[in-house]
Structure formats: structure tokens, C-alpha cells
1. Whenever you get a sec, line up I101, I62 from highest to lowest accessible area (probe 1.4 Å, protein heavy atoms).
2. If you average the sequence gap of Cα pairs under 8 Å that are 6 or more apart and divide by the length of segment 155-265, what percent do you get for the contact order?
3. Is segment 170-265 rounded, prolate or oblate when judged by the Cα gyration tensor, a ≥ b ≥ c being the square roots of its eigenvalues, rounded requiring a/c under 1.5 and prolate requiring a/b larger than b/c?
4. Under 14 Å from a label point 7 Å along Cα→Cβ of L108: give me every residue in segment 34-72 with its amide N that close.
5. Got a sec to turn the phi values of segment 12-19 into Karplus ³J(HN,Hα) couplings, 6.51 cos²θ - 1.76 cosθ + 1.60 with θ = phi - 60°, whole Hz, x for Gly and Pro?
6. Assigning unit charges at the beta carbon (Lys, Arg +1; Asp, Glu -1) and nothing else, what dipole magnitude in debye, to the nearest 20, does segment 213-258 show about its Cα centre?
7. If DNA, RNA and ligands are ignored and the probe is 1.4 Å, what is the ranking of D233, D87 by accessible area, most exposed first?
8. Return, ordered by residue number, the residues of segment 34-52 whose backbone nitrogen is under 16 Å from a label point located 7 Å along Cα→Cβ of A77.
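The values are calculated or read from the model by the stated rules, or taken from the named source; none is laboratory data. Please read these numbers as outputs of a predicted model, since none were measured by experiment. In this analysis, Cβ positions are derived from the backbone assuming ideal geometry, glycine residues included, and neighbour counts consider all displayed protein chains. These accessible areas exclude ligands, DNA and RNA; they are computed on the full protein's heavy atoms, side chains included. Shrake-Rupley method; radii C 1.70, N 1.55, O 1.52, S 1.80 Å.
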Amino acid sequence: MRLHSEAVTANDHSVGDVAALARVSVRTLHHYDEIGLLRPSSRTAAGHRRYTTADLERLRRILFYRELDFGLDEIAAMLDDPGTGTDNHLRAQHGMLRARIARQQQLLAALEREMEVRRMGLSLTPEEQFEVFGTDKVGGEWADEARQRWGDTDAYRESQRRTAAYTKDDWQRLKAEADAGLEAFRDLMLSGEPADGPAARARAEEHRAYLTRWFYDCGHEMHRGLAETYVADERFTRTFDELAPGLAVYVHDAIVANAAAHGAG
């Protein structure tokens, strides 16, 4: 609150004193007087305004309500309601301040989500996002979930550091590699190659190298853990299986087999 608590210790203040204490302009106080929102309790013989402790308390409430974006007419109506005492004002102020804090927290969360998307390297225009990913809603839910799941890991921080520098061309290249890799898994599956066979394991190893090259150092144990999400998260499963039914399970099994072949899992 802009009005200092020391402002109410004396009972006679000039307009200049009040302006300095409340950090408002003298013109503002003159305006409040002219519209009847805050009339000084007395004037000197020369006509100069003099404010009392009660005047300063009213000004404190005015400034508080102004901070909450109430109009001057609304503030006057609230302060002049004879059925509303100090306790009611305090309760009203408390409730409104809590509501404002909640709104600000929502805005802060929205801002942090946007910052997270930009740190993920997705500071593309909607048109560019659609061109690269086929959607203009990249990052939101998936970026939030990634942060919640892995935000405290070195791998996540390394991915953030790398992708922050990626250009549109970089994203196009890594997306093309990802698509080609998934299609290679599909072709192996449809050809009858077993998921734990050498060809599928080799493809899984190439996928692990892809993650290491573009995002973070992905060891075999971490790679196996990532594969679990392909079958546990229906969104991953749906994305894979749109290319070929059963592909999510096939990719999962190939990665698990490859991890086991390298002593992980």
C-alpha cells in the first residue's frame, strides 16, 4: 500500500504532506476533493486544506481500491455506504486481494508456460509450427508434462540448453529424422522382423543415437524408460499406431531388447 503507516500518527496534515506520504500528486488530492471522494476535514483561515487521521484512513482505502482497479464512483459508493463498517471493509479488501493474487498466479503460470515453450526452441510463428509439426499448438501440454516429469534431471536441462538455440531449419531436420525413423520401425514390423531381432535392435540403437544427437545423452537404461511411455501414455500410443496398428508396442519391445543386449533393463 502506498500510504505509509506513519502517516496516521498526526492529526493535521497539509495537502503537500499527504501527497508526499501517500506518493500521489497534489493534483490528485485536489481532484478527490472536487468530486467529493476525499474532502479534507478542515481548512486554514487562508483556505488551505488540512487532513486528519480519519481523512488519511479514507485515502488509504481509496488507494487500495484503486490498486484493485475500481473506478472512483464505485469507490465512493463503497466508502459512503452507511451499512459498511471498518470490519466489512477489511473483509472485502482481504477477499479482493486474494482474488487478485489468484489471478496474478494464473497469469504468472501462463507466462512461465510461454517461457518454457520458447526455451524448448519453439519460438516459431503459428505458421512455422504448422509447417514443421502439423499443428499450431506445439509445446503447451506436452512441454508442461515433460517439465513435471523430468524437469529436475540433467537430461532435461541439457535438452533445454540445446533446443533453445535451434532454428526453424533445425526443427525441420530433426522432425524429418524422427518421421523417417518411425517409418523404418513400421517397415520392419510389417516385413515380419521380430522386435527382438537384430534388425529391430539396430533400429532401436539408431533411435537412441538420434536422441543423443539432438536432445540429451540418452543411455540404454534411460532409453528403456522412455520406451515405457510409448505404451503407457495413450497419446504416444495413438501417434505411433496411426502409422501402423501395434507399432507402439513393437518400438517399445525393440528398445527393451536393445537395452537388454547392452546390459540395461
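1. Details: I101 75, I62 0 Å².
Reading off the accessible areas and sorting them downward yields I101, I62.
2. Numbers: 108 pairs, mean separation 34.9, N = 111.
Taking the mean separation of contacting Cα pairs over the length of segment 155-265, I get 31 percent.
3. Values: a/c = 1.30, a/b = 1.01, b/c = 1.28.
Rounded shape, in that the Cα axes give a/c under 1.5.
4. Under cut-off, by backbone N: nothing.
5. Per-residue couplings from phi come out as 8, 10, 6, 5, x, 4, 5, 4 Hz.
6. Numbers: 4 positive and 8 negative charges, 23 e Å.
In total the dipole reaches around 120 debye.
7. Details: D233 15, D87 100 Å².
Putting D233, D87 in descending order of accessible area: D87, D233.
8. Within reach of a label on A77: 37.
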